[in-house]
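Below is one structure, written out as structure tokens, with a few remarks after it.
Values in this text are rule-based calculations from the coordinates and carry no lab data. Just so it is clear, the structure is predicted and the values come from calculations on it, not from any experiment. Positions of Cβ are backbone-derived with ideal geometry, glycine not excepted, and every protein chain shown enters the neighbour counts.
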Amino acid sequence: MNEKETPSQEPEWMCIKCSLPLELGQVNIGYLEYMFPVDLQRCPRCGQVFIPEDLAVGKMAEVEKILEEK
């Protein structure tokens with residue numbers, strides 16, 4: 001994925017494989033035997049999902065820790 005910025009808007013993320021803008025959609029995230037529906041940016045053609053760094057090292061890391069403690 002790469003980032004294309006316009007002056008007055010949020011960066012628009014593009015799929016590097018398909019060259020299409022990502023769209024918000026529900027995806028299932030799995031960890032251990034648990035599945036979680038999450039709204040994330042994804043490619044409408046190939047389905048590649050973009051997970052922002054703050055989600056990956058923040059909330060997802062917290063959930064992983066909680067699940068591993070069970």
Check your understanding: So which residues in the stretch 28-51 are within 25 Å of Glu69 (Cα to Cα) and surrounded by 12 or more Cβ atoms within 10 Å (Cβ to Cβ)?
Key -> Ile29, Tyr31, Val38, Ile51
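Looking at the stretch 24-43 only, could you name the residues that are in contact (Cβ under 8 Å) with a residue 12 or more places away in the chain and within 17 Å of Leu55 (Cα to Cα)? Break it down into steps so the answer makes sense when it comes.
Kept after step one, since they are in contact (Cβ under 8 Å) with a residue 12 or more places away in the chain, are these residues of the stretch 24-43: 24-27, 29, 31-32, 34, 36, 38-43.
Leu24, Gly25, Gln26, Val27, Ile29, Tyr31, Phe36, Val38, Asp39, Leu40, Gln41, Arg42 - these are the residues of the stretch 24-43 that are in contact (Cβ under 8 Å) with a residue 12 or more places away in the chain and within 17 Å of Leu55 (Cα to Cα).
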